[in-house]
Structures are given as C-alpha cells and as structure tokens.
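Accompanying notes for the structure given below.
Read the figures in this text as sums done on the coordinates, not as results from a lab. Bear in mind that the values here come from a model prediction, so they are computed numbers and not experimental data. FYI the Cβ positions are ideal-geometry reconstructions off the backbone, even for glycines, and counts take in every protein chain you see.
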Amino acid sequence: MKGTAGIPALELVTLNKLISKFDRAPSMFFSSLFPTQQYDSDTIKWELEYGSAGMTPFVAPGSVAPVVGLDGVGEASAKAAYWKEKMYFDEEFLNNLREPGTWATYQTAERKLSRGARKLRYRVDRRREWMSCKMLLDGAISYTQKGGTKISISYGIPASHMVTLTGNDCWNVTHADSVPVEDVYDGKTVVSEDSLSQVNHAVLNSSLLKVLLMKGTIQALLAKSSFGDGDLFKNPAQVIGTLLGVGPLTVYDEMFEITGWLTTAVAAGGGASYACYVDDASDFEVGGTARFVDMSEVNVWEDEVIEAVDVAAGTVTVVAGPALAFKAGEDKIIMRKKFIPDNVFFMFADNAEGEPIAEFMEAPHGLGRNWGQFADTKDQWDPSGVYMRICDKGLPVLYHPDTTYKITVF
C-alpha cells in the first residue's frame, strides 16, 4: 500500500464534505434549539445577566440622559472543551476501496467508510448535546483539559431554580399533598419574577409522563375540563402540557452511552459496594446502571447499579459485585443513561430580552485553525492501515441563568 493519497474518498476535502452532509444525530433537542457562534480563541468569555426588561425613566427636557448598565451583570470565562475520536481501517479495506474491479466491491467499501464516518459524527454530536444538557439541567459541566487536568464550570443558576421534592410532595406517591400542577405553576412564577421572561418549553421523558398520566390529581382536573380522559390517553403530552400551562410537553427519551474498559479483573460474586477499575471513570454517574460485558462471548452481560464514582482513582463502585467474572483489558462496563432522567421535570424560557438564553461557542482547533467538526486521516505503516478521526472544540455558554427551572420530582 502506498498510502491514502490516491484514494479520493479519503481525501480531507471529501471527508469533511461527507460529514457535513450527514444530518445531526437523531433527536438532539438542546443542540438544535440554540445557535452556534465561532469564537476567536479557546478561552471563551461570556456575560451573565440576571433580570432584564428595564424601562427608561422620565427626565426634564435639556437635562443629561442617565447612564444605564446591564442588570445584575457578571463575567465568566473558561477554556473550551476538546473532544475527538478515531476509527481504524486496515489494508484489506483500503485495497478494496481502490480496487478497479467490480462495482459491488467498490460500493461495499464506500458504504463501510460512510457508515464509519456517520458513527463518528453522531458520537461527536452526542457529546455536544451532553454538554448543553448538563449546563441547563445541572448548572455545571466537567471535562478534561491539557495535561489531564479535570476542571468544572458553574453557570450560576440560582439554587431557588433547582428544586428537589421530598416526602408526600413527590410526584410518584398518591398522597393528596402531591400536586404537580401547583409545583409547575410555582416554578413558572419564579422564572417570570426573576428573569422577567415566560417559560415556553417543558421537557421530560416518557417514564415521568406516565407518572403524570396516572396521577389522580391530574385526572381529577381533566375530568372537569373540556379534555376528558379519552383525549388524555390519546394525546397526553398535548393535554397535560396545556393543563400545566406550558404548552405541548417535549417528551425527550434520547440516551447516551459511556464505555469504560476494565483495567483490573472483576471477580465473580464480589459482594456489596464492589469497586471496579476502568480506564476512564469521568462520565459515569451515581444512580446509573453499569452493564458488565463479556467481549469474548455473545450476549453475556450483567447489570448493576452504580453507587459511587471516583474519577481520580478511576473506580466505578456498584451496589453489588456481578455474579460473573470479567477480564481486565478485554471486557468493559457500559452505562446507558437518558439525557433527561426519569425523575426530572425541566422548563425554561428560550429567549430573554430578544436574545437566545444560550449559545454554543466553537473554538479554533488543529493546525488549520478549524471551527466545529473536522475530519482528517493518518496512515499507519505496520500493519498497514489508516485512522480516520473527527475532532471538535467548543463550549456551551448560558447568558441568562435565571430563565431555567428544574424540579427533581422524586
């Protein structure tokens, strides 16, 4: 093999045109909602504004106009996050790609390249979505910087805008004190009074929608309205959203997957609070489900609930060790989790003072000073092959932290 220079499908211009033609990964709600801007450097600065909608005062004719500043302004800055991933294609694939023989052989190789590029593109998209979702729901994100340093950014969301219900107020209990309509209206009032903006989005997943659907207080209110039970079960997102005064609910069930390769063996029957060592524990979350996967067998796996995560030590501790044994360097742990957890009702105003409440700032990266997703390749001599890589760099920024409201409902 003489390298990839003679393969048109692997030229950088062709590759980058290919990934740009792919649609965004399916159902990337937050990434699609807010605009993207190019920033001049990888140190991104933005202003925080609490409250707005001021009004110009009366003054006497001929007098000096008063000076007005931005209400409750503060400045934040952080280094942009950088993420990238690559895929390897061996010499057999490359030879088939350049083979001047049958159309079927050429088409198969082209399809494999396209599928690989799409997979990388979608994984990059999901990282962007994860960052935007963490910013809005948790008010903070953590990521790795140069030298392996772990940093965290706080976006300044007020504590009064992140409410956790307890006891009989939880939505998954039948007690009369649990009144979702009241909780949502209280949240709308907080957003309106603090930011002077009106909530126009409410997001939850199907599991929480089912809880609301079966809630006695919801059904009792609808029985007195023009909707009735028939419409409730036929179109629950529309009916419940209208009842709560937030318009149609956005039911968001998209998930992401985190993989950690085992660095030490996992013994069978490890007992309670079993710590597993992985190559990277940074994205695993307490309360998630860790799936131990035997890579040498087909459909051999075991699920355990994550009890604790120690990023520095590289450990994921599960409530109970798996019954099966798993090998270091061969087997892995997978955590699948929804972007919107089962116990979260999230609402926000997407606009304040005529501007979006958030943006995604793309930072320049690579020797060519690229913004956004960029694909490139690198030949490998022995064994012969080529790596295809996609990189991205940037950071979501939140200008109006008081326009969001999160209810952890149980």
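Within segment 351-368, which residues have the backbone N less than 14 Å from the label spot 7 Å out from residue 47 along Cα→beta-carbon, could you tell me?
Under 14 Å, as judged by backbone N against the label point of residue 47, lie 353-356 of segment 351-368.
If R₀ is 56 angstrom, what is the calculated FRET efficiency for the pair residue 323 and residue 168, using the beta carbon separation as r and rounding to 0.05? Provide the component values of the computation, followed by the final result.
Values: r = 38 Å, r/R0 = 0.67.
Once rounded, the FRET efficiency stands at 0.90.
For the chain, taking Cα atoms only, what is the radius of gyration to one decimal and the Dmax to the nearest whole Å?
Looking at the chain, its Cα Rg and Dmax stand at 25.3, 86 Å.
Relative contact order of segment 239-302, please, whole-number percent, based on alpha carbon pairs below 8 angstrom and at least 6 residues apart. Working shown, then result.
Working: 36 pairs, mean separation 13.0, N = 64.
Once normalised by length, the contact order is 20 percent.
For residue 342 and residue 289 in one chain, what is 0.36 nm times their gap in residues minus the Cα-Cα distance, to one decimal in nm? Walk me through the numbers on the way to the answer.
Details: separation 53, 0.36 × 53 = 19.08 nm, distance 1.32 nm.
Working it through step by step, the gained length comes to 17.8 nm.
How about segment 336-410: which trypsin sites (Lys or Arg not before Pro) there are in a DSSP loop, with at most 12 other Cβ atoms within 10 Å of their Cβ? Write out the running numbers ahead of the final one.
Numbers: sites: 336, 337, 338, 369, 378, 389, 393, 406; in loops: 369.
Within segment 336-410, the qualifying trypsin sites (Lys or Arg not before Pro) (loop, at most 12 other Cβ atoms within 10 Å) are 369.
Rounded to the nearest 0.05, what FRET efficiency do residue 110 and residue 279 have when you use their Cβ-Cβ distance and R0 = 25 Å?
Rounded to the nearest 0.05, the efficiency is 0.15.
Contour minus end-to-end for residue 123 and residue 198, with contour as 0.36 nm per residue of separation and end-to-end as the Cα-Cα distance?
Working: separation 75, 0.36 × 75 = 27.00 nm, distance 3.35 nm.
Gain on stretching residue 123 to residue 198: 23.7 nm.
Using 28 Å as the Cα-Cα cut-off, could you pick out the over-long pairs in 150/337; 112/378; 150/188; 79/134; 210/327?
150/188; 210/327
Compute for segment 255-338: radius of gyration divided by Kirkwood radius, i.e. Rg/Rh, restricted to C-alpha atoms, rounded to two decimals. If you can, show how the numbers build up before the last one.
Numbers: Rg = 11.2 Å, Rh = 12.2 Å.
When Rh is taken as the Kirkwood radius, the ratio is 0.92.
By how many nm would the segment from residue 389 to residue 152 grow when fully extended, if each residue of separation counts as 0.36 nm and the alpha-carbon distance is taken off? Working shown, then result.
On the way: separation 237, 0.36 × 237 = 85.32 nm, distance 2.63 nm.
Residue separation times 0.36 nm, minus the Cα-Cα distance, leaves 82.7 nm.
Could you work out the relative contact order of the chain, using alpha carbon pairs under 8 angstrom and six or more residues apart, expressed as a whole percent? Intermediate results must be reported in sequence, preceding the final value.
Working: 808 pairs, mean separation 102.3, N = 410.
Normalised by residue count, the contact order of the chain is 25 percent.
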